[in-house]
C-alpha cells in the first residue's frame, strides 16, 4: 500500500510537470500541437461561452478542492497522504481539457512587428514563468504538489504542516506566484481576442482567489499571517511596511 501511494504521487507529479510545460507552450504559442490561437475559428459568441465555461470549470474545481472544509470531508473518502496528489491530478486534468477544447479567437488586438520588441516581450513572459516555478520552491515545492506527503507516508513518518515563513520574494509581495502568472499571461507580442479573453478571466479569478486563499492562510497560521498581510502587499511588489 505504501509503495502504491508513492507511485500514485509520482504519477500525479509527473502529470503536473507535463501540464506546466504544456501551458507555457499553449499560452506562448510554442512547440505544442494546439495553442491558444491555433485551429479553425468558429462563431464568436459560441467561442466566448465555451472558453469562459472551461475557465470557470477550472476556477470552481481549484477553489473548492483547496478549501479546508472540503479537505476534511474529502479525506473521509480518500487517504490523507494522497489528498494533495489527487488535487494536483484533477487540476491538471481540467487544464488539459481546457487546452483540448479551447476555441480559438485569432483576431489581433495588438501585434509587435519589430524583432527586438518581440524578443523583449518573450523574455518578460519567460521571467513570469520562472517566477511561478521559483515561488513554489520558496514555499516547499514538493509539499505543494503532493510529493512530500506520499514520501513521508512511504517512510512511515507523520505529516507535519509546512511552517509559515517570509523568505526572499515573500518579503516584498504576498503572492509572487500569482504575480508570475499575471506576467506570463499578459506578456505576449501577439495578443489575440482569445488570448485577451483568457488573460482577463484568469486575472479576475486570481484577484478573487487570493482573497479566498488568505482566509485559509489566516485559519492555518493565525496572527502571524494577519500581521504579515498588514505589512506586505498582495500582488504588486513593494517594500514592506514597518510594524507600528
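What the table below lists for this structure:
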{"item": "Yes/no for residue 174 being part of a loop (DSSP other than H, G, I, E, B), within 26 Å of residue 221 (Cβ to Cβ) and in contact with a helix residue (DSSP H, G or I) (Cβ under 7 Å, 6 or more places away or on another chain)", "result": "yes"}
{"item": "Considering residues of segment 36-51 that are surrounded by 12 or more Cβ atoms within 10 Å (Cβ to Cβ), touching a residue at least 24 places away in the same chain (Cβ under 8 Å) and part of a helix (DSSP H, G or I) only, the residue farthest from the chain's Cα centre (by Cα)", "result": "44"}
{"item": "Selected residue (criterion: nearest to the chain's Cα centre (by Cα)) from residues of segment 134-158 that are in a loop (DSSP other than H, G, I, E, B) and surrounded by 13 or more Cβ atoms within 10 Å (Cβ to Cβ)", "result": "145"}
{"item": "Unique residue being touching a residue at least 40 places away in the same chain (Cβ under 8 Å), in a helix (DSSP H, G or I) and more than 30 Å from residue 6 (Cα to Cα) when the list is 54, 89, 96", "result": "54"}
{"item": "Any hit, segment 181-204, residues being under 14 Å from the mean Cα position of the chain (by Cα), free of Cβ contacts under 8 Å to residues at least 60 places away in the same chain, closer than 23 Å to residue 70 by Cβ and in a helix (DSSP H, G or I)", "result": "yes"}
{"item": "Test result for residue 175, under 30 Å from residue 102 (Cα atoms) and either free of Cβ contacts under 8 Å to residues at least 40 places away in the same chain or loosely packed, with under 14 Cβ neighbours inside 10 Å (or both)", "result": "no"}
{"item": "The listed residue being within 18 Å of residue 181 (Cα to Cα), out of contact with any strand residue (DSSP E or B) (no Cβ under 7 Å at 6 or more places or on another chain) and modelled with pLDDT of 95 or more, out of 87, 20, 30", "result": "20"}
{"item": "Flag for residue 54 being surrounded by 13 or more Cβ atoms within 10 Å (Cβ to Cβ) and either closer than 23 Å to residue 208 by Cβ or under 14 Å from the mean Cα position of the chain (by Cα) (or both)", "result": "yes"}
{"item": "Residues that are touching a helix residue (DSSP H, G or I) at 6+ places or on another chain (Cβ under 8 Å) and either outside any helix (DSSP H, G or I) or closer than 19 Å to residue 87 by Cβ (or both), drawn from segment 21-35", "result": "22, 23, 30, 31, 32, 34, 35"}
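The values are calculated or read from the model by the stated rules, or taken from the named source; none is laboratory data. Computed from a predicted structure; not experimentally measured. Methodologically, a virtual Cβ is constructed for each residue, glycine included, from the backbone with ideal geometry; neighbour enumeration extends over all protein chains shown.
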